[in-house]
Amino acid sequence: MKKGMILTLVCVLVWTMLSGCSKSNESEVAVDQSKTAQETDGEEKINEYGWAVPSKTLEINFYAGQDNPETVKENSKLMQQFLLDKFNVKLNKIVYDVDMNEKLNLMLASGDYPEVITGLNDEQAAKWIAQGKAVELSQYIDKVAPNVKSQLGDLYKSFLNDKKELYALPSYWGVLPIPGASAHIRYDWWKEMGAPEFETPEEYYQILKKMQEAHPTNSKGEKTYALSGYSPMIKNVLPTLAGMWGLEAGYKIDADGTNTHWVNTPEGLELTKFMNQVYRDGMLDPDSFINTFDDWKAKFSAERIMGHIGSWWVTWNAGHEVWQKANKDWTDEQRFIQVQAKSANAESAKLTALNARGSYRTIITDKAKNPEDIMKWFNFSITDLGTRIIGWGVPNIEQSVWTYKDGKIEWVDAMKQGVINGTYDFTNSDKVGQGVFTLVEGIGTMKDDGKSTFWYDQNFNDEAEWKKLMNENLKDTIYDNTLGVIQIPGNDPLAVTNTQIDELLETLWAKAVTAKTEADAEAGFNEMRDKLNGAGLHDIEAYRTKEYQRRMKEWK
Amino acid sequence: MKKTMHGNIPSAPVRSAKPATWKRTLYRERNLWLICLPLIAWVILFNYVPMYGILMAFVDYIPGKSIFTSDWVGLKHFKDFIHSPDFGHVLRNTLAISGLNILFGFPAPIVLALLLNELRKKKFKQIVQTISYLPHFISWVVVASILFTLLGNEGILNDILLRLGWIGKPISFLGEGKYFWGIITAANIWKDIGWSTIIYLSAMAGVDSEVYEAGRVDGLGRLGAMWHITLPGIRTTIVLLWILGIGGILNAGFEQQLLIGNAQTREYYEVVDTYAYKYGIQLGNYSYGAAVGLMKAVIAVILVFSANRVSKKVLDTSIF
């Protein structure tokens, strides 16, 4: 009896221990490789979009970074079915609600990853390439993917390495010359003031200040501010603010390609003093460096902020797009408009940095059984028509924003008018799968008609009153920053230095901006500059300068 | 006549006992060892085998490559950490936050347990105890949002102070580094004070009630009994937890720092664990993160041994 009890106990303990060692359920990540990228043997027919439909379904699983898996699944449905029905291509987008960098490292360490990965930055792509996990693609370009080369044009060579090998393709590449960042001002209240003109950041601020005096509290009695922001301020506000002083994405770039970080420039001190003045006047939301985007949006949509400095869309998203749903009496002029401000000392304001190479990369991994078939899909989807399908969503159905019949492309007028009038419901874009399967598509102006673009709502800028106003206000603030988008590879010791500097910068700039006197702000700025330089900022500048000069020589 | 377990039965002449060898001991205790075997295997498998990963701190590990084929760099990552601009304030914050936790957080549950032990009404005592345990089950995410509601620029505390006219404009309690250590210590104590009383209350329950009666006869009041009977009665428990607490002095927290801290308070909230997470896991610099973590573990082991030695000498109580 006693022995039996002991034996039972031991068995139970062993079983519970071993059950913990069982293979975990990784069905979400695991991909049945036998079903992926199958060979397209047999008869192929050309469909109405010009795609040679494979006799066997071409299935491509791709990891696309951090997102809500349920939302992505829902938004993929219609587009996935459309591609399957018309193209016999099944795209499976894999996302996790986990930091992309962490997930990528885990994938590398575990060897468990799909055949395509997209949404990588240069640094992440470099890591996969260095590990031998990315397939060399130039071998397929002439054979099955000539469109990739012709669509990318001069950019193509910038993706080749020293050995002329191609491992990563861009997504969201190309130049769309429309503004992306600016100063913002509450339009109806500005008109109430007689729409006073302004040119410099100081004049812009004085108007915001007067506007705040006229609206010191919102309808709930909560205090209002001239400006606010959300964390990290050095990424969300500073580049646009520095652009008002003529700096390019936070750097002063000389004609010879020398890069100088804004903290090492006199402009940096000026813009810090400007923000400090706003703070000392009690006009800067004291939570600016703490707010998350949602915190900021809550304050903004509660009409507590008079202006903003940063991306154009945020004041639409947190402003009239909220008010028009919540307020029956909302009028069209209750909105923020995008305006420019330029320091008197700057030659021009540089608010929108364009990057023709795009910031995201797509690789085919060594898990792909037939990379050639995947390249065939890239070859189609990178064309203007392929880009339209991926960018604008499923055509010819009830929710479609466009139709494609007999080779003719037309907008659905009701949807178009919605965009023009500002009443378009963007959840419809999600439903028809706009952008959900982006892998190598560009966002620049399309070659075939010279005007269409991947972003559906940006196709009617000349007809949409407020977009047109924005474009006119900001047309000379856009600049090409393709050479200046430089990332330090993760295995370079400078990557750690760079992160340390970013963190120090946010902390020390917050300290300087929130100083109690101008002298303290200046002292704080000097302390920040010295600390950052001591931490290796000059090394970062030297790295950027070297890379920038190399690009000047080789890419032009 | 020899007294045995079976009563007053005359015993047989006793044969001299065989010397206990480890084999005999093992055989005699075979049933116990059999039960322990899976657990020992578990500890070896999951606690000791993975420790080969410590090697990562001495190589330039790249995800996807084996640790054993990575380039050996010796103490490079340790040196990098020590020479990094963050080392000074990371170490300072870790020691300060942990020190404050030990200074205030260690005696707090003892005091609360002593007070709870004095409650005579059983029902009331149970209710108070249960309520005091509740904060332990509240996640740091919720605690952080409570703190923002209480201490934010537009929080309840600032509102009260403004209404009373004691301040002219809101104090940025969560945006100024000088308040951070106090806030995090108070939050830690609030969250765990009740839960930590459990072990002291159970130790107090083990103190012989006759000793209290004897004390009462000798004229001890309630405070006197606390000081002369209860506290000495739980001394071993206090020392044990103190030694373990010293070992965890570099465990200054993790979630609470990430949730309550922000860019403005970074110079005061960054501790070893958050630093290792940011520069190790998030940047994919696992070797660097492992080196920072290993350094912390080594210091913790040294501290445990030192505290144990001091305790042994001074209080004649130790854990090993």
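Results, tabulated for the structure shown:
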| quantity | calculated |
| --- | --- |
| Separation of alpha-carbon centers, segment B:83-130 and segment B:49-79, rounded to whole Å | 37 |
| Relative contact order computed over segment B:58-315 (Cα-Cα under 8 Å; 6+ residues apart), in percent | 29 |
| Proximal lysines relative to residue A:223, as straight alpha-carbon distance under 18 Å, when same-chain residues fewer than 8 apart are discounted | A:209, A:210, A:297, A:299, B:169 |
| Segment A:417-556, dipole about Cα centre (Lys/Arg Cβ +1, Asp/Glu Cβ -1), debye to the nearest 20 | 400 |
| When segment B:58-315 is reduced to its Cα atoms, the Kirkwood hydrodynamic radius in Å | 21.4 |
| Residue-wise HN-Hα coupling along segment A:286-296, computed from phi with Karplus coefficients 6.51, -1.76, 1.60 (Hz; x: Gly, Pro) | x, 8, 3, 8, 10, 3, 8, 4, 5, 4, 4 |
| Descending principal axes extents, the protein assembly as shown, alpha-carbon based, whole Å | 116, 79, 54 |
| Size of electric dipole in the protein assembly as shown: Cβ of Lys, Arg +1 and of Asp, Glu -1, about Cα centre, debye, nearest 20 | 5060 |
| Ellipsoid semi-axes in whole angstrom, largest first, where each is sqrt(5λ) of the Cα gyration tensor of segment A:332-465 | 30, 24, 13 |
| Dimensions in Å of segment B:200-288 - Rg and Dmax from alpha carbons | 22.3, 67 |
| Which of A:469, A:195, A:47, positive extreme of dipole for chain A (C-beta unit charges) | A:47 |
| Cα lying deepest toward the dipole's positive end in segment B:58-315, options B:274, B:68, B:236, charges on Cβ | B:236 |
| Distance from segment A:170-212 to segment A:413-442 (C-alpha centre basis), Å | 26 |
| Contact order normalised by residue count of segment A:251-311, Cα under 8 Å, 6+ apart, percent | 13 |
| Straight-distance crosslink candidates among aspartates and glutamates, where the alpha carbon sits under 20 Å from residue A:149 and sequence neighbours closer than 8 are dropped | A:122, A:136, A:162, A:165, A:372, A:373, A:384, A:441, A:448, A:449, A:554 |
| Entries in A:127/B:76; A:133/B:79; B:79/B:278 that, when Cα-Cα distance is taken, lie over 28 Å | A:133/B:79 |
| Phi-based couplings in Hz for segment B:281-292 (Karplus 6.51, -1.76, 1.60; Gly and Pro marked x) | 6, 5, 7, x, 9, 4, 5, 5, x, 5, 5, 5 |
| Amide hydrogen neighbours beyond the local backbone of residue A:59, cut-off 5 Å, H modeled | A:37, A:38, A:90 |
| Net charge of Cβ neighbours under 13 Å - reference residue A:455; Lys, Arg +1; Asp, Glu -1 | +1 |
| Projected-area mean, segment B:146-227, by convex hull of Cα positions, square nanometres | 8.7 |
| Between segment B:183-254 and segment A:356-405, the alpha-carbon center distance in angstrom | 67 |
| Per-residue HN-Hα couplings for segment B:79-89 [Karplus 6.51, -1.76, 1.60; θ = phi - 60°; Hz; x = Gly/Pro] | 5, 4, 5, 5, 8, 6, x, 8, 3, x, 6 |
| Under 26 Å from residue A:252, Cα to Cα: lysines that are on another chain or at least 8 residues apart | A:235, A:273, A:342, A:350, A:475, A:511, A:531, A:546, A:553, A:556 |
| Under 5 Å, built H, 5+ apart or other chain: amide partners of residue A:341 | A:183 |
| Segment B:58-315, dipole about Cα centre (Lys/Arg Cβ +1, Asp/Glu Cβ -1), debye to the nearest 20 | 480 |
| Dipole axis of chain B (+1 Lys, Arg; -1 Asp, Glu on Cβ), positive-most option in B:220, B:94, B:77 | B:220 |
| Interchain or long-range residues, amide H under 5 Å from residue A:305's placed H | A:225 |
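The numbers here are math on the coordinates, done by the rules we state, and not lab data. Everything quoted here is computed from the prediction, not taken from an experiment. Note that we place each Cβ from the backbone using ideal geometry, even for glycine, and neighbour counts take in every protein chain shown.
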